[in-house]
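These notes are about the structure you will find just below.
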Amino acid sequence: MPLTKEKKATIFSTFGGAATNTGSIEGQIALITERITQISGHLQQNKKDFSTHRGLMKLVGERKSLLNYLQKHNLTGYRQLIEKLGLRK
């Protein structure tokens, strides 16, 4: 199930500062994290869906590279985002 426009707008307003600020790194990471959680739920029910699993791995790699970029350029923002999203337990 794809994300609706309203859900994307709330994600970007929460993490990116404004709903129209779709280019912010924090908003992009939060959006990818939401998609990862949806796909993970799908894969728990459909264990043999290997093409979706490949897409999930691509999203995880993309999120990792964005997190590395954010860590290098804005360490305090990185730490706040990790805490908000509940990553790196």
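Before moving on, here are some points about what is shown:
- Extension gain for His73-His42 works out to 7.8 nm (0.36 nm per residue, less the C-alpha to C-alpha distance).
- log10 of Debye I(q)/I(0), alpha-carbon scatterers only, for region 45-89 at 0.16, 0.26 Å⁻¹: -0.55, -0.90
- For the chain, carbon and sulfur atoms together expose 53% of the accessible surface, with a 1.4 angstrom probe and every protein chain in place.
- By average C-beta atoms within 10 angstrom, highest first, the peptides 58-67, 41-50: 58-67, 41-50
- Each Cα pair of the chain feeds into the Kirkwood radius, which the Stokes-Einstein equation turns, at 20 °C and 1.002 mPa s, into a diffusion coefficient of 156 µm²/s.
- Calculated accessible area for the chain comes out at 71 Å² per residue, all protein chains present (probe 1.4 Å; ligands, DNA, RNA ignored).
- Flagged links, alpha-carbon separation over 25 Å, of Lys5/Lys58; Lys5/Lys72; Lys47/Lys84; Lys64/Lys84; Lys7/Lys47: Lys5/Lys72; Lys47/Lys84; Lys7/Lys47
The values are calculated or read from the model by the stated rules, or taken from the named source; none is laboratory data. Just so you know, these numbers come straight off a predicted model, no measurement behind them. Every residue, glycine among them, receives a Cβ derived from its backbone with ideal geometry; neighbour counts consider all protein chains shown. Side chains are part of the model used for accessible areas, which takes the heavy atoms of the whole protein and leaves out ligands, DNA and RNA. Shrake-Rupley method; radii C 1.70, N 1.55, O 1.52, S 1.80 Å.
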